[in-house]
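Presented below is the structure to which this report refers.
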Amino acid sequence: MTKRLRAVFDTNVFLSAALSKNSNSPTKELLARWEREEFVLLICEALSDEITEKLIERAAPPLVAAQQIAVLKQLAEWVEVPSESIVRVLADPDDDVVLACATIGKADYIITYDPHFDSLGGEYLGIKILKAIPFLQILREQQNQD
């Protein structure tokens, strides 16, 4: 079996999954694959707080928000991200938290729809930055090889 990939999801990936009415949504499939432990999802306290805040703020049904947060707390690999390790790289400080979590957690991928990440040209310190569908394709290919 191949080594499990390590990924950090930006808040917008969780929002997309929670708010999508499409049962075949790529972000919903990603979360389902994570729950089946096809890859390791990395999370840190600041990112978890932002996800919780945005899910509640954006009117995700409260039950959906609560379920996603509970699963996150139970299954994700938690990364300690000291505030001094957060380097100012992108326009939005919340995005810098994603970069720090990925770097400290030794992620292979950052999954985001945020255009702020475009300035990095698809990679940060060897960590690939993708949208949901390309990452899903990688997971599907890896599953076919196993």
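For region 38-146, applying the loop criterion from DSSP together with a ceiling of 15 other beta carbons within 10 Å to the GluC sites (Glu not before Pro) yields 80. Each Lys and Arg Cβ is given +1 and each Asp and Glu Cβ -1; about its Cα centre, the chain then shows a dipole of about 560 debye. For residue 5, the amide hydrogen comes within under 5 Å of the amide hydrogens of 40, counting only partners 5 or more places away or on other chains and with H modelled in the peptide plane.
Separation of region 7-43 and region 59-114, taken as the distance between their Cα centroids, equals 13 angstrom. Positive-end ranking of 65, 138, 40 along the dipole of the chain, with charges on Cβ about the Cα centre, is headed by 138.
In the chain, the DSSP beta bridges split such that about 15 percent are antiparallel, to the nearest 5. Per atom type, region 1-130 shows carbon and sulfur on 55% of its accessible surface, probed at 1.4 Å. For trypsin sites (Lys or Arg not before Pro), the sites in region 1-99 that DSSP calls loop and that have at most 15 other Cβ atoms within 10 Å are 3, 4, 21, 36, 58, 88.
The values are calculated or read from the model by the stated rules, or taken from the named source; none is laboratory data. Remember, it's a predicted structure, so these values are computed and weren't measured experimentally. Neighbour counts are summed over all protein chains in view; Cβ atoms, including those assigned to glycine, are modelled from backbone coordinates with ideal geometry. Keep in mind that these areas ignore ligands, DNA and RNA; they rest on the heavy atoms of the full protein, side chains included. Shrake-Rupley method; radii C 1.70, N 1.55, O 1.52, S 1.80 Å.
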